[in-house]
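The values are calculated or read from the model by the stated rules, or taken from the named source; none is laboratory data. Computed from a predicted structure; not experimentally measured. Because the Cβ atoms are built from the backbone with ideal geometry, glycine has one as well, and the counts that use them run over all protein chains shown.
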Amino acid sequence: MTDAAFQAMSLEEYLRSEETPYKREYVAGFVYPLHAHAGVSEPHSLIVMNIAGTLFPHARRQGCRLHAGEMRLQVKDALFYPDVMLLCGERGDGRYYVTDPCLLVEVLSPSTAANDRVGKYAMYTSLPTLQTYLIVEEAERRVYEYQRDEDDWQLREVAGTGTVDIPCLGLSLTLEDVYGGVIDAR
């Protein structure tokens, strides 16, 4: 059997074949399995749920749509599964992927950290609708908050008991919202 990480295919072939028992991302004609070896850790899963659970009532009240790891994001010729994705604009016509988030969150795991910090950062920040990209550490209370400032991106590192801003909902998340029940305060 061919290793999916080296399998070249068209976007249409990828979408037709996506009925596999595991998630795969698509980048420039190549398919990459997500968490192919170890799966997602419990802290990773809890952090994603903490963020989505905190944002959900606010998103719903404001008519926004929130996805936690199940909806694909298309950026140019790539499809990703962000850990958390918020969309507050008009609903697009994509049924199996979206293109216009205002917030993206990736929780770092050892196998994806380099790609989340560099590759996905470059792709995600090219989206004109994106206002905030959060990169969340799994093993410590630390979030890298990228905020759009007109045409530039500003990085702010938040640790300890700080807060991160979510402008498209007009609110902030505390690091207790993000890490509560996962990592003790340090």
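Just a few scattered comments:
- Filter result for the condition that a residue is at negative phi and at pLDDT below 95, over 174, 161: 161
- Of all residues making up segment 47-80, the number that are out of contact with any helix residue (DSSP H, G or I) (no Cβ under 7 Å at 6 or more places or on another chain), under 23 Å from residue 141 (Cα atoms) and modelled with pLDDT under 95: 0
- For residue 86: the one exception among (1) assigned to a strand (DSSP E or B); (2) at pLDDT below 85; (3) of a type in the set (A, V, I, L, M): (2)
- Here is the figure for segment 32-46: residues that are of a type in the set (A, V, I, L, M, F, W, C) and modelled with pLDDT of 85 or more total 1.
- Where a residue in segment 125-141 is on the phi > 0 side of the Ramachandran plot and assigned to a loop (DSSP other than H, G, I, E, B) and its partner, wherever it lies, is surrounded by 21 or more Cβ atoms within 10 Å (Cβ to Cβ) and of a type in the set (A, V, I, L, M), with Cβ under 8 Å and at least six apart: none
- Candidates 91, 117, 148 - the one that is under 24 Å from residue 40 (Cβ atoms) and either outside any loop (DSSP other than H, G, I, E, B) or at pLDDT below 90 (or both): 117
- The residue list 182, 143 contains one member that is modelled with pLDDT of 95 or more and of a type in the set (Val, Ile, Thr), which is 143.
- Test: residue in segment 175-182 that is assigned to a loop (DSSP other than H, G, I, E, B), in contact with a strand residue (DSSP E or B) (Cβ under 9 Å, 6 or more places away or on another chain) and aliphatic (A, V, I, L, M): no
- Verdict on residue 148 being over 17 Å from residue 51 (Cα atoms) and either in contact with a Pro (Cβ under 8 Å, 6 or more places away or on another chain) or without any contact (Cβ under 8 Å) to a residue 24 or more places away in the chain (or both): yes
- Candidates 119, 162 - the one that is surrounded by fewer than 16 Cβ atoms within 10 Å (Cβ to Cβ) and out of contact with any Phe, Trp or Tyr (no Cβ under 7 Å at 6 or more places or on another chain): 119
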